[in-house]
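Participant: Have a look at the structure that comes next, please.
Every read-out reported here was derived from the displayed coordinates using simple, explicitly stated rules and does not represent laboratory data. As the structure is a computational prediction, the values presented were derived from the model and not from experiment. In this analysis, Cβ positions are derived from the backbone assuming ideal geometry, glycine residues included, and neighbour counts consider all displayed protein chains.
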């Protein structure tokens, strides 16, 4: 087996502020590494436009000054919010982390702050640092998101040869939940003809529910034209040659985002939604998980976005909700711009501005929707929306 070639770099900036707040990516994001030794055959990190040079599985870039930069940048943040350690082209707990401990050093830094933290990984190595993450949870909140789409470890080992076994990942989730931390599944990508049958999805949900997860966010394989698609099809031909023609046909539309033919994609979503509904599993991060991790205005933004999705799935007309959401977004964008230009102002004052309109009735004017204003008043006072029943709970 080829050994890893490490490219050690010192970067000038680490944290990237997300354009759209959500617990999936947090408010801020960074990754200690580029490229990944998990060697997943489907990884779209190979896609040319991500600019990862060399052998993706072995030429690993190490941001060796990530811990010291992280501390400096956290001290300078004006606006609070969760920090997500993740990248679509890497994994913070990939094999080289066992020796280098860059992520572990970042965990130690984060344990001394009060920012919530989110981790995306395929590795049970995250257990090594569980004491740091438990400290983060005591200070604010910690959410573990583990990638998994199959309970068949034989298939897993062929698709993700360098990643942790199915049992190890489930046991990792169980331990984080046992200690009271949040945990969910990045159920992506399901592989057509290989891991996405209704029976496989039901078996998958049974296993992850037994581990105590609070949500599972699903997605189907995308194959972007070029290096990613070529590599996957080559590996598929080697391991599952009988599926090669079907897969080629399914992804023959050369979609910009790498999506399969629409009929198959629509069928997948119908099967998934039925399976998730029958299994009482959320395909979004529930409000009860992200509640209190963001500023109040970001929490409302996420909640309104999720409500549009949830109500639409239930066939409820969301036209008035959508208009009100857009009005709130425009109001918030204007206030953010105002605060960004005045370094002497604290964003906690913007939180106060959210509460004040509720008391004065101004929020109803902003939204032009009395019912939604009353709903948000209850949220501001601590109520949480149950994503399954769509009822507010205290």
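Participant: Just order 80-88, 369-377 by mean Cβ neighbour count inside 10 Å, highest at the front, would you?
Facilitator: Most protected by this proxy first, the peptides run 80-88, 369-377.
Participant: Calculate the radius of gyration of the Cα atoms of region 46-123 to one decimal place, then report Dmax, the largest Cα-Cα distance, as a whole number, both in Å.
Facilitator: 13.7, 39
Participant: I've got another one for you. Once you wrap a convex hull around the alpha carbon atoms of region 295-393, what is its projected area averaged over all directions, in nm²?
Facilitator: The Cα convex hull of region 295-393, projected and averaged over all directions, gives 6.2 nm².
Participant: For residue 238, project a label point 7 Å along Cα to C-beta. Then give me every residue of region 21-59 with its amide nitrogen under 20 Å of that point.
Facilitator: The answer is 35-48, 53-59.
Participant: Expressed as a rounded percentage, what relative contact order does the chain have, with Cα pairs under 8 Å and six or more residues apart?
Facilitator: After rounding, I find 13 percent.
Participant: Relative contact order (percent) for region 254-394, with alpha-carbon contacts under 8 angstrom and 6 or more residues of separation? Working shown, then result.
Facilitator: Numbers: 84 pairs, mean separation 34.8, N = 141.
Averaging sequence separation for qualifying contacts and normalising by length gives 25 percent for region 254-394.
Participant: For region 5-286, report the % of Cα-Cα distances exceeding 33 Å. Write down the numbers at each step before the final one.
Facilitator: On the way: 7962 of 39621 pairs.
That fraction is 20 percent.
Participant: Could you work out the Rg to Rh ratio of region 240-315, with Rh taken as the Kirkwood radius (inverse of the mean 1/r over all Cα pairs)?
Facilitator: On the Cα set of region 240-315, Rg over Rh gives 1.13.
Participant: Follow-up question, since we're still on this one. How do 33, 338, 50, 132 rank when sorted from fewest to most other Cβ atoms within 10 Å of their own Cβ? List each step's numbers first, then the result.
Facilitator: Details: 33 25, 338 12, 50 17, 132 21.
Placing the least packed residue first, the sequence is 338, 50, 132, 33.
Participant: Under a point spin-label approximation (7 Å from Cα along Cα-to-Cβ), what is the residue 360-residue 309 distance to one decimal in nm?
Facilitator: Placing both labels 7 Å beyond Cα along the Cβ direction yields 3.3 nm.
Participant: Just subtract the alpha-carbon distance of residue 348 and residue 254 from 0.36 nm times their residue separation and send over the number in nm, one decimal.
Facilitator: Length difference between fully extended and current span is 29.1 nm.
Participant: R0 = 41 Å: FRET efficiency of residue 273 with residue 368, Cβ-based, nearest 0.05?
Facilitator: 0.85
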